[in-house]
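Quick note: the coordinates plus some simple rules give every number you see, no bench work behind them. As the structure is a computational prediction, the values presented were derived from the model and not from experiment. A quick note on method: Cβ atoms are made from the backbone with ideal geometry, for glycine too, and the neighbour counts reach across all protein chains shown.
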Amino acid sequence: MKSASTVCLPLNHPWDVSPQEAVALQEQLRAQIVCQDKFGSVNTVGGIDVGYMDGGKNACAAIIVLSFPDLKLREISRASQAVRFPYIPGLLSFREAPVILEALSQLSSLPDLLLCDGHGLAHPRRFGLACHVGLLSGLPSIGVAKKLLTGAYDPLAAARGSWQPLIEGGEVIGAALRTQPGVKPVFVSIGHRLCLQTAIDYVLRLTIRYRLPDPIHQAHHYASLPSPQAI
């Protein structure tokens, strides 16, 4: 279902950088993140996940585009690349963003909203994967992570939709959100061009059956397939 058409993304930067240069880029780019609602109507939503193959030597990004609000499949894009950056906590986007951007560029049209399996502002330097991809693509984006990276939160009620602010150094950097009754929370944070409450609202509207939003859940399946030709 991947189209041969391509779209142009507005920004990019060199990816062949050292860890120290990567940290400097995060600190430089985070000032450009918009934490207010700056987008129009949402008719399509993209879910992003990255899987690893060949013992971690290659990364495969899958993007699932669903219509909204009925969540019907519109398009699938997959791309694979050799991994060029080491695994370093807090610098995940330098491993995964390049292949994600390639998969985005292969879509026939960009979705109106992106959900990334990873953090956004809930990051030690306030520039996680969802911020990086959102800024470079120009799209409103949300980080939805399965594990806590930084910050702390108070206990949540068991009901679906219960949430608590994720706080670090007195700053609200995201939310711990229970997407299904009694399940472990996910960690929602701003990526780009929306506020935290809007991010929480969309995550709940997009989480129908599982712990993770449906677009990310479906992307995870395709990111785990053995090759881009498998779809």
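Values for this structure:
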read-out: In sequence order, calculated HN-Hα J values of segment 35-50 (Karplus, 6.51, -1.76, 1.60; Hz; x Gly/Pro); value: 10, 10, 6, 10, 7, x, 5, 9, 10, 9, 10, x, x, 10, 8, 10
read-out: Segment 79-215 - Rg over Rh from alpha carbon coordinates, Kirkwood radius; value: 0.97
read-out: Net charge of Cβ neighbours under 10 Å - reference G151; Lys, Arg +1; Asp, Glu -1; value: -2
read-out: Beta bridges per DSSP with both ends in segment 47-149, % antiparallel, nearest 5; value: 75 percent
read-out: Calculated on alpha-carbon atoms, Rg and Dmax of segment 72-142 in Å; value: 12.4, 36
read-out: Residue exposure sequence - I48, I88 - by fewest surrounding Cβ within 10 Å; value: I88, I48
read-out: Helix-only CD estimate at 222 nm, as mean residue ellipticity for the chain, using -39500 (n - 2.57) per DSSP H run (n ≥ 4); value: -7000 deg cm²/dmol
read-out: Square roots of 5 times each gyration tensor eigenvalue, C-alpha, the chain, largest first, Å; value: 24, 21, 17
read-out: Order of D214, D70, D117, D54 - criterion: other Cβ atoms within 10 Å of each residue's Cβ, fewest first; value: D70, D54, D214, D117
read-out: Paired Rg and Dmax values of segment 132-179, which use every Cα atom, in angstrom; value: 12.6, 37
read-out: Which of Y52, Y87, Y202 has the fewest Cβ neighbours within 10 Å, and the rest in rising order; value: Y87, Y52, Y202
read-out: Choice from F39, F187, F127 with maximal GNM fluctuation in the chain (Cα, 10 Å cutoff); value: F39
